[in-house]
């Protein structure tokens, strides 16, 4: 889902909250944006896919252009233009994008769509296209939350300027930031709000319940060929990435939270960069607050433009992120049915007023300490964790029942009369059994695979 249009005049303080508030829209205009990342690999030897070469990411992007995609480029260090992604417009004029994460993770950022049925069509079309082009190149795509066998050194680096800046900065602020960049994949849902009060309520519900979703979607038990002891190693990585810009944001649950509170938080998150004349300028660790005042020694007297603020907001990585919409960010990538279930869960909880109230009732009594403990326990134990004296499995079952009713009340039907609740079935099966996708993979590792994690490439290839 795209942010609102941005002008180029210097920012005033009031513009920062106004940028967030511009996302407000009536419930009748709500949309859902779905995003997912996946690992490309060479099927011949299970190695990761570099950018260059006859069977590289660049060749894959070029091949996809046959389906009506247009180039997204960036000015490289040599002054030339580098192909870093693709864009196309749907029939309503909304853009969907293909982009590259730092380690070559191949991402679809879907258009803002009305229903999960539309997201199904978009996602299936995308996967068919990348299989047609990638298959001819010998490239497969892996739906997991963390790469299962490759080391950091084996992981290729994509030629995007912002990633050079982030790679240099990450080791200064956390032990696992480079793993987050290079070796993790997520599935994400983006949803709208109608007012500041509605944003606050949805932010609190989604942030409190995010660890439950992390447990339901846990699908990353391996690193470098061995079990890690975590069911969502991806979620574990995020707990030691950069405390300035990650986590559960306790201030969201405090009285008086609103746009201005989030602005105050974002102003004090250290910057990564600004973009000038098509090139990234390294401002890592600098203060956006001082930039707003024209006090950065690296850019004397210069004040930010709206695009700088929008870019800065994309460098904040809490479990739920506010821009001109809310982004739910805390689930491992998985098979196609998981890619559809994730936006279905959040639409069911947040886009029906009764469901939103019922979802808040599930978590409103949890303390900050319980939320933070659950974030770790959900990543490590999955649905076997507990919160506030209840098994997380029971909480997950309640959450899915609420989402199911919310989607049924939305009553958006596909061509054969199914409402959106059909996309919850895979998660309901997990919640009923208490066994996550990660635990199924571990069963195979200790059984049929005989301790060989390469079996996961066949099991999780799209």
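Each reported figure results from applying straightforward, stated rules to the coordinates on display, with no laboratory input. If you're wondering where the values come from, they're calculated on a predicted model, not measured in any experiment. Ideal geometry is used to build each Cβ from the backbone, glycine not excepted, and the neighbour counts take in all protein chains shown.
Grab the Cα-Cα distance for residue 87 and residue 443, subtract it from 0.36 nm times how many residues apart they are, and report the gain in nm with one decimal. If you can, show how the numbers build up before the last one.
Numbers: separation 356, 0.36 × 356 = 128.16 nm, distance 3.99 nm.
Difference between extended and current length: 124.2 nm.
Cα gyration tensor of region 39-194, axes a ≥ b ≥ c as square roots of the eigenvalues: rounded (a/c below 1.5), prolate (a/b > b/c) or oblate? Kindly include the intermediate steps, with their values, before the conclusion.
Details: a/c = 1.42, a/b = 1.27, b/c = 1.12.
Rounded.
Residue 361 to residue 255: FRET efficiency via 1/(1 + (r/R0)^6), r the Cβ-Cβ distance, R0 25 Å, to the nearest 0.05?
Values: r = 19 Å, r/R0 = 0.75.
Efficiency at R0 = 25 Å is approximately 0.85.
Residue separation times 0.36 nm, minus the C-alpha to C-alpha distance between residue 27 and residue 196: what's the value? Walk me through the numbers before you get to the answer.
Numbers: separation 169, 0.36 × 169 = 60.84 nm, distance 1.34 nm.
Extending this stretch completely gives an extra 59.5 nm.
Please list, by residue number, everything in region 8-26 whose backbone N is under 16 Å from a paramagnetic label point 7 Å out along Cα→Cβ of residue 295.
Residues 13 qualify, since their backbone N sits under 16 Å from the label point.
With r as the distance between the Cβ atoms of residue 302 and residue 415 and R0 = 60 Å, compute the FRET efficiency 1/(1 + (r/R0)^6) and round to 0.05. It would help to have the intermediate numbers written out before the result.
On the way: r = 54 Å, r/R0 = 0.90.
Calculated value: 0.65.
Take residue 136 and residue 401, extend 7 Å from each Cα along the Cα→Cβ direction, and tell me the distance between the two endpoints in nm.
A separation of 5.1 nm, rounded to one decimal place.
Show me, bin by bin at 5 Å from 0, the whole-percent P(r) of region 192-280 based on Cα pairs.
Calculated P(r), rounded to whole percents: 3, 11, 15, 17, 16, 14, 13, 8, 3, 0.
At a threshold of 8 angstrom on Cα-Cα distance, excluding pairs fewer than six apart, so keeping six or more, what relative contact order does the chain reach in percent? Don't skip to the end; give the middle numbers.
Values: 918 pairs, mean separation 96.6, N = 462.
It rounds to 21 percent for the chain.
Before anything else, pin down the relative contact order of region 240-323: Cα pairs under 8 Å, at least 6 apart, normalised by residue count, whole percent. Could the numbers behind the result be given before it?
Values: 88 pairs, mean separation 26.7, N = 84.
This gives 32 percent for region 240-323.
Taking 0.36 nm per intervening residue step and subtracting the Cα-Cα distance, what contour gain separates residue 373 from residue 66 on full extension?
Numbers: separation 307, 0.36 × 307 = 110.52 nm, distance 4.82 nm.
The span from residue 373 to residue 66 would gain 105.7 nm if fully extended.
Restricting to Cα pairs below 8 Å that are 6+ residues apart, what does the relative contact order work out to for region 209-260? Please round to a whole percent.
Numbers: 30 pairs, mean separation 10.8, N = 52.
Averaging sequence separation for qualifying contacts and normalising by length gives 21 percent for region 209-260.
Based on the Cβ-Cβ distance from residue 450 to residue 167, what FRET efficiency comes out when R0 is 51 Å, to the nearest 0.05? Intermediate results must be reported in sequence, preceding the final value.
Numbers: r = 36 Å, r/R0 = 0.71.
Here the calculated transfer efficiency is 0.90.
Tell me whether region 355-462 comes out rounded, prolate or oblate; compute the Cα gyration tensor, take square roots of the eigenvalues as a ≥ b ≥ c, and use a/c under 1.5 as the rounded threshold. Display every interim value, and only then the final one.
Values: a/c = 3.00, a/b = 1.20, b/c = 2.50.
It is oblate, given that a/c is not under 1.5 and a/b is not larger than b/c.
Rounded to the nearest 5, what % of the DSSP beta bridges within the chain are antiparallel ones?
Numbers: 49 of 52 bridges.
For the chain, the DSSP antiparallel bridge percentage is about 95.
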